[in-house]
1. Using 0.36 nm times the number of residues separating Phe32 and Tyr92, minus their current alpha carbon distance, what extension gain do you get?
2. List the trypsin sites (Lys or Arg not before Pro) within region 11-63 that DSSP assigns to loop and that have no more than 16 neighbouring Cβ atoms inside 10 Å.
3. How long is the gain from Ala23 to Cys40 if the chain were fully straight, where each residue apart is worth 0.36 nm and the alpha carbon distance is subtracted?
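Any read-out appearing in this document is the output of simple, stated calculations on the displayed coordinates, not a laboratory observation. It should be emphasised that the depicted structure is a prediction, and the values quoted were computed from it without experimental measurement. Note: ideal-geometry Cβ built from the backbone for every residue, glycine included; neighbour counts use all protein chains shown.
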Amino acid sequence: MTWTEALREKISGAFYNHGLRCASCPIPIILFTGLCVLACCYPLLKLPLPGTGPVEYTTPVKDYGQPPPFPAQQQGEPSERPDWYSGAPVAYIQQVLVKATVSPWPKSFLAVDVFRSPLAQVFQLVEEIRNHALRDG
């Protein structure tokens, strides 16, 4: 008997034993499988549903005033202020997207050479953002 035939026999024996175990106690196997499926699907509950995009709410940088704790509004009427906004901003977020292409792409370019030029522009942009200062004027 060759090693491939022996391996095939061991694999078929393992599947046979697994089938016997599943047939002898089906309820615990079904419950365990169901729990595994639910555990694997749990992260899907955190995905945003269609139509629930990000909410953007801006506050003035200068002359900031604390919002009233309970805005005067009718029941069911949409408020200008989102529910999650409760006080002064903790941080300001700025997002800058940089898209770059390499055209034409000569055959002599390596992948490292192609990414080096666009990344150099990004590092210059990051340095400009870090050195930016708000001036009163």
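1. Working: separation 60, 0.36 × 60 = 21.60 nm, distance 4.62 nm.
Stretched fully, the Phe32-Tyr92 segment lengthens by 17.0 nm.
2. Details: sites: Arg21, Lys46, Lys62; in loops: Lys62.
Taking region 11-63 and a limit of 16 other Cβ atoms within 10 Å, the loop trypsin sites (Lys or Arg not before Pro) found are Lys62.
3. Working: separation 17, 0.36 × 17 = 6.12 nm, distance 2.45 nm.
Separation in residues times 0.36 nm, less the Cα-Cα distance, equals 3.7 nm.
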